[in-house]
Amino acid sequence: MKKIILIILSFFIMLSSPKALELPVDITAEAAIVKNANTDEVLFTKNADEPVIIASLTKIMTAYTIINQVENLDQKVKITEEDLAGLWVYTLAGLKVDDVVTYRDLLYGLLLISGADCAQALALAVTNSVPDFVAMMNQNAEKLGLRHTHFADPAGGENENISTARELSILLNEALKNETFKKIFGTNYYTMSNGLHVVNYTQAYATFHGLDPYLLTGSKAGYTDDAGLLLASTATINNINYIVITCKSTLNQQLSTHVLDSYKIYDYLSSLSYVEYKVIETGTLLKKIPIINATTSDYYVLADQDISITIPNDKISEIHLDYHLSDYITPENKIGDNLGFIDIYVGNDLVKTYNIYLHDEIFSPERKSTTIIIIIILLIFLCLILLCINLLITPKKVKIKPQKSIKKT
């Protein structure tokens, strides 16, 4: 019966999955997604779940893997011939055999200039084997729940590096939680230990087209003939941190349509009066659920986090909540069980679903009595141990008999 209830709940959760609005901006990119990085809320999409070749956006996972694997990023790495082998067709940072650089240097060269030499040197420095490093990348993708993402090399040169706009946004949002990645991602110019200068040219493309070069707070571009132009970028507009992913933008003479597409999206976001509105506050009582055959009669469902949505100011009055929570729970329920969900609507549009989980153990009367008896026995046992220890360490008092005096004759 319990399994049937969970299946029904899962079915409703699947039916209530929020759908983002179709991107209302005319762009050349075949796939795109716009996300509020603060709330992880998807705002707009365009073919966001279609698999695409991701080219050098692969390097986001390369950097994520390195940062999570290497404790000391200032550790020295000596460049070998193997680090540079077979890369002549790719974009390079300019490393040479016997150069001595740090992991941190290589990460800047990886994300700014998109150096394939930096990617391969990092992979070999960590695992001594590119295939082994790629296996680590795919393991990380699996841990992040990226079911439609696969990596074939650390530089992004192979067409088998596949993902979706949605899953790239998940990866980038996760990577940005690391301050080192965030700093590198937002840097435009860097000088490596060996004197090499590496540059992120996204800002230059923006300047060339008369756009604000300082709008973006971070970016990583990608390009191959088959993948087209891609851009993963971030920007802060009206105190909201946005992530925008554009994939397979059509080519122009300057190879800059990925930048133009992204700026069109950011311009549209700037025209909207979006705010982050807190719908549910941490600690709010959501429901009192009856408990059957237990030591307590009710379970108080409290919000375990703030739930906010990104919304135009004039739409706040249209917010309403639809509760789908269990009618009762029993001692058979375990911590972590899904108790249902709350759908958050703006008008008729479902914008977010908040899942509710059991956080406390539910005791039956028999189990509580057994638990009390066990606790009492343990306390008695502990007292006996303490008593024995006390007897062992307490010094025994020895009585000394007085000697009888001997009279001299």
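The values are calculated or read from the model by the stated rules, or taken from the named source; none is laboratory data. Source: prediction; values computed, not measured. Using ideal geometry, Cβ is built from the backbone for each residue, glycine included, and neighbour counts are taken over all protein chains shown.
Below, the figures for the structure above:
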{"read-out": "Residue in the stretch 195-205 that is assigned to a helix (DSSP H, G or I), at pLDDT 95 or above and within 22 Å of TYR103 (Cβ to Cβ) present", "value": "no"}
{"read-out": "Per-region count, the stretch 147-166, residues touching a helix residue (DSSP H, G or I) at 6+ places or on another chain (Cβ under 8 Å) and not in a loop (DSSP other than H, G, I, E, B)", "value": "2"}
{"read-out": "Odd one out for ILE280, checked against (1) touching a Leu at 6+ places or on another chain (Cβ under 9 Å); (2) assigned by TED's automatic domain parsing to the domain that holds LEU112; (3) modelled with pLDDT under 95", "value": "(2)"}
{"read-out": "Those residues of the stretch 308-352 which are farther than 30 Å from THR295 by Cα and touching a helix residue (DSSP H, G or I) at 6+ places or on another chain (Cβ under 7 Å), in sequence order", "value": "VAL346, GLY347"}
{"read-out": "Boolean, THR207 is under 20 Å from SER249 (Cβ atoms), out of contact with any Leu (no Cβ under 9 Å at 6 or more places or on another chain) and among the hydroxyl-bearing types (Ser, Thr, Tyr)", "value": "yes"}
{"read-out": "Leading residue by the ranking (nearest to ASP26 (Cα to Cα)) among those in the stretch 244-261 that are more than 28 Å from the chain's Cα centre (by Cα) and among the hydrophobic types (A, V, I, L, M, F, W, C)", "value": "LEU251"}
{"read-out": "Selection from the stretch 297-320 of residues that are over 28 Å from the mean Cα position of the chain (by Cα), over 30 Å from ASP360 (Cβ atoms) and modelled with pLDDT under 90", "value": "ASN313, ASP314, LYS315"}
{"read-out": "Condition check for ALA141: in a helix (DSSP H, G or I) and buried (at least 21 other Cβ atoms within 10 Å of the Cβ)", "value": "yes"}
{"read-out": "Given (1) at pLDDT 90 or above; (2) in a strand (DSSP E or B), number of the condition TYR354 does not satisfy", "value": "(1)"}
{"read-out": "The stretch 296-351, residues that are assigned to a strand (DSSP E or B) and among the charged types (D, E, K, R)", "value": "ASP298, ASP322, ASP343, ASP349"}
{"read-out": "Which listed residue, of ILE33, ILE60, is surrounded by 19 or more Cβ atoms within 10 Å (Cβ to Cβ), in a helix (DSSP H, G or I) and of a type outside the set (Gly, Ala, Ser)", "value": "ILE60"}
{"read-out": "Residues of the stretch 272-294 that turn out to be in contact with a helix residue (DSSP H, G or I) (Cβ under 7 Å, 6 or more places away or on another chain), in a loop (DSSP other than H, G, I, E, B) and surrounded by 15 or more Cβ atoms within 10 Å (Cβ to Cβ), as a count", "value": "0"}
{"read-out": "Flag for TYR268 being modelled with pLDDT under 90, under 25 Å from PRO24 (Cα atoms) and surrounded by 14 or more Cβ atoms within 10 Å (Cβ to Cβ)", "value": "no"}
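Residue-wise test of (1) crowded, with 24+ Cβ neighbours inside 10 Å; (2) in a loop (DSSP other than H, G, I, E, B); (3) assigned by TED's automatic domain parsing to the domain that holds ASN36.
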site: GLU71; (1), (2), (3): no, yes, yes
site: SER114; (1), (2), (3): yes, yes, yes
site: GLY145; (1), (2), (3): no, yes, yes
site: LEU168; (1), (2), (3): yes, no, yes
